[in-house]
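Quick notes on the structure that follows.
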C-alpha cells in the first residue's frame, strides 16, 4: 500500500512537470510582441547580439551582476544565449525591452526555470543610459511576472540582488516582492566575496495584488 501511494505521488509529480514543460513550449510557440503602458516586450533575436554584448560589457551596468562580472562575458556566450532563446529554451525566457517607438532599451528575463518546484529567477537590465530612470525596468518586470505566473503557472519568482543595487531593490519593493533574507558572501567577483539579498513573489500574492488593481 505504501509503495502504491509513493508510486502514485511520483507519477502525479511527473505529470505536473510535463504540464509545465508543455506550457513553456506552447508559450514559445506563440511568443509575440507584448504591449505595455509605456514599453513593449519582444522576443530576443539575432538583431540584439551587439546591443546585448555592449550592455553586458558595460562596467557601470554589470557592477551588480553576479553572473557576468568574473570573468567578463564573451561575444560567443551572448550568441549562444540568443540561439538558445530562438530554439525555444526550456529553462529561460528572454524579452527585449523597447520604447513605444521601437527603440531598444534593455532586456528582461526569467532564468533557471525549475519545473519540479515551479520557480524561476528574474532579472532585468535597462542597458541604454538615456532610457534609464523612466520606469521601464519596473514595467518590464511587471510584464514578465505575467508570463511567469499566468502563462507558465509558476509558484515562486525570485531575484538575487547586490545590497548596493538600490534601484533594483526599489523596483522589487514597489512591485510587492517580499524580502526573504540575505545570503552572506554568496558570490565572488573582483577578488572578493559579495552578499546577496533575495526578494520573491508567490503566485497567490501576484494574483491578489492584481485583483486589488495594484
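General observations
- Scanning segment 150-160 for residues that are crowded, with 18+ Cβ neighbours inside 10 Å and over 22 Å from residue 181 (Cβ atoms) turns up just one, 152.
- Subset of segment 108-120 [buried (at least 18 other Cβ atoms within 10 Å of the Cβ) and either closer than 22 Å to residue 162 by Cβ or out of contact with any helix residue (DSSP H, G or I) (no Cβ under 9 Å at 6 or more places or on another chain) (or both)]: 108, 109, 110, 119, 120
- Of the strands (runs of 3 or more DSSP E) lying entirely inside segment 71-190, those carrying at least 3 residues that are more than 22 Å from residue 40 (Cα to Cα) and in contact with a strand residue (DSSP E or B) (Cβ under 9 Å, 6 or more places away or on another chain) are 104-114, 156-161, 178-189.
- Residues satisfying the stated conditions in segment 162-210, i.e. surrounded by fewer than 17 Cβ atoms within 10 Å (Cβ to Cβ), in contact with a helix residue (DSSP H, G or I) (Cβ under 8 Å, 6 or more places away or on another chain) and touching a residue at least 40 places away in the same chain (Cβ under 8 Å): 207
- Set 60, 13: member being more than 18 Å from the chain's Cα centre (by Cα), outside any strand (DSSP E or B) and at pLDDT 75 or above: 60
The values are calculated or read from the model by the stated rules, or taken from the named source; none is laboratory data. Nothing here was measured: the structure is a model prediction, and the numbers come from that model. In this analysis, Cβ positions are derived from the backbone assuming ideal geometry, glycine residues included, and neighbour counts consider all displayed protein chains.
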